[in-house]
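Please read the structure below before turning to the comments.
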Amino acid sequence: MARVTPTNSTHTPAVARAATRTDAPAICDLWQQLWHEHEAIGGYAATRDPEAYVSLTQRIENELVRRAGSAVGGRHIHLVASCDKRVVGQIEAWLEQLGVFVGAAPTVTCELRSLIVAPHARGAGTGKALVEKAAQVASHLLQGVPILLAAEVLHRNPSIAFYTRLGFAPRSWNAQMPTSIASPLPRSTPFQARQATHRDARALAELHHAFVTRKYAAHDSRFGAPQPVNSALIEHFADAVQHMKTAHDQTRALSTYLVVEHAHAVCAAAHLSVSQLEPPFVPVARAVLSGFSAASAAHAPELFAELMSLGRHIAKLHGAPMMEITDLDAPNQPIFQAALQLGAQPWSLTMLRER
Ligand SMILES: CC(C)(COP(=O)(O)OP(=O)(O)OC[C@H]1O[C@@H](n2cnc3c(N)ncnc32)[C@H](O)[C@@H]1OP(=O)(O)O)[C@@H](O)C(=O)NCCC(=O)NCCS
């Protein structure tokens, strides 16, 4: 992997600071550059319509006016790097609670997104300055609550080496498959995949516990430490199933749990969501199958295959051309291998670092 060398090492070092309203056009240009670079290595396609970028610049500016010079708006952090009064880089970060924390202290994940340094300014410490400043702002905001920094990186992106250099490590893997692909596996298995109902709440809570335990053991602590399965957790899933969104509502979003049964016992689960990518990405339905968990490792690949097959079918019905499969174990593990056998391709990885 090529190491980046600065094209102009006589630069004054760039300074990372809060984005302000006059930065909006430069931020929009950097985003465009980022999306084109990402699209070339398998990321979402961005529109080429110049009008979309005019309204995007306006949207960014409106938001920055609201923030009045603060780096923070709600749970969103927005910074730029400036050098000789010119914006040469930018980063966003979102503070998220990804796990289910009933009666337990939550783990906060600071998800770094849309990091980019202008090509002419790369290799001079600007990317690092942006990441460290975002981490610092997040820590300050949360006043001592432990933070996990996360970055999702396309698996063909050379910036994996950048994050590694900054102390991040890959902890979770994601794959992607066309929904039109025919499942190459025989369909005669004793397992039956279906959408979950409120009667599955206990099974969902137990499978969630198994999922968190597996992720925690693999140093992916975004979902917190394993908590006991208690009535509060079961109630949480009963509520979640009750309030699942169907694609018939106005948001055109779908959020549903899928389970696999064998002999009337639920033995695996995953979550499927279908939402709409917003312009300036080419607006298309985006399907994500996440959080796969099986009661026992013995049949995990077959159970996973059932869920992938049902997920793909539902995603296709809702117009998604691709289905992303997230929260996978490392590529040499059986679940990732099962995903590849079913026609998925490696897509991205989630890299983590404790603050
Ligand atoms: C990734 C990116 C932000 C790095 O910014 P940068 O300003 O060039 O990085 P820095 O100069 O701060 O590099 C910090 C360290 O990482 C190393 N590094 C940076 N890019 C690297 C690469 N492609 N390969 C190997 N090492 C790299 C640097 O050599 C430096 O190491 P050092 O501390 O030993 O000197 C920049 O290359 C970029 O904008 N890429 C395109 C957009 C992108 O993919 N963003 C990531 C989104 S997930």
Could you tell me how many of the residues in segment 79-104 are in contact (Cβ under 8 Å) with a residue 40 or more places away in the chain and away from the ligand (no atom under 15 Å from the Cβ)? 9
What's the number of the only condition in (1) in a loop (DSSP other than H, G, I, E, B); (2) at pLDDT 95 or above that Trp347 fails to meet? (1)
Among the residues of segment 204-227, is any crowded, with 18+ Cβ neighbours inside 10 Å, in a helix (DSSP H, G or I), small (Gly, Ala, Ser) and at pLDDT 95 or above? yes
Among residues of segment 106-142, those that are of a type outside the set (Val, Ile, Thr) and within 20 Å of Pro13 (Cβ to Cβ), counted: 18
Quick check, is Ile41 within 15 Å of the ligand (Cβ to nearest atom), at pLDDT 95 or above, in the same structural domain as Val117 (by TED's automatic domain parsing) and of a type outside the set (Ser, Thr, Tyr)? yes
Flag for Val282 being aliphatic (A, V, I, L, M), surrounded by fewer than 20 Cβ atoms within 10 Å (Cβ to Cβ), touching a Ser or Thr at 6+ places or on another chain (Cβ under 9 Å) and more than 30 Å from Ala104 (Cα to Cα): yes
Among the numbered conditions (1) touching a Lys or Arg at 6+ places or on another chain (Cβ under 7 Å); (2) modelled with pLDDT of 95 or more, tell me where Ile147 comes up short. (2)
Which pairs do you get when a residue that is assigned by TED's automatic domain parsing to the domain that holds Cys28, found in segment 56-68, comes within reach of a residue that is surrounded by fewer than 18 Cβ atoms within 10 Å (Cβ to Cβ) and at pLDDT below 95, reach meaning Cβ atoms under 9 angstrom, with the pair 6+ apart or on two chains? Leu56/Pro279
Go through (1) touching a Pro at 6+ places or on another chain (Cβ under 9 Å); (2) surrounded by 14 or more Cβ atoms within 10 Å (Cβ to Cβ); (3) small (Gly, Ala, Ser) one by one and return the number of the condition Ala150 breaks. (1)
Of all residues in segment 75-117, which are assigned to a loop (DSSP other than H, G, I, E, B) and under 23 Å from Thr350 (Cβ atoms)? Arg75, Gln97, Leu98, Gly99, Val100, Phe101, Ala104, Ala105, Pro106, Thr107
For residues in segment 109-158 being among the polar types (S, T, N, Q) and without any contact (Cβ under 8 Å) to a residue 12 or more places away in the chain, which is nearest to the ligand (Cβ to nearest atom)? Gln136
Check off (1) among the aliphatic types (A, V, I, L, M); (2) surrounded by 19 or more Cβ atoms within 10 Å (Cβ to Cβ); (3) out of contact with any helix residue (DSSP H, G or I) (no Cβ under 6 Å at 6 or more places or on another chain) for Ala169 and give me the number that stays unchecked. (2)
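The values are calculated or read from the model by the stated rules, or taken from the named source; none is laboratory data. As the structure is a computational prediction, the values presented were derived from the model and not from experiment. Because the Cβ atoms are built from the backbone with ideal geometry, glycine has one as well, and the counts that use them run over all protein chains shown.
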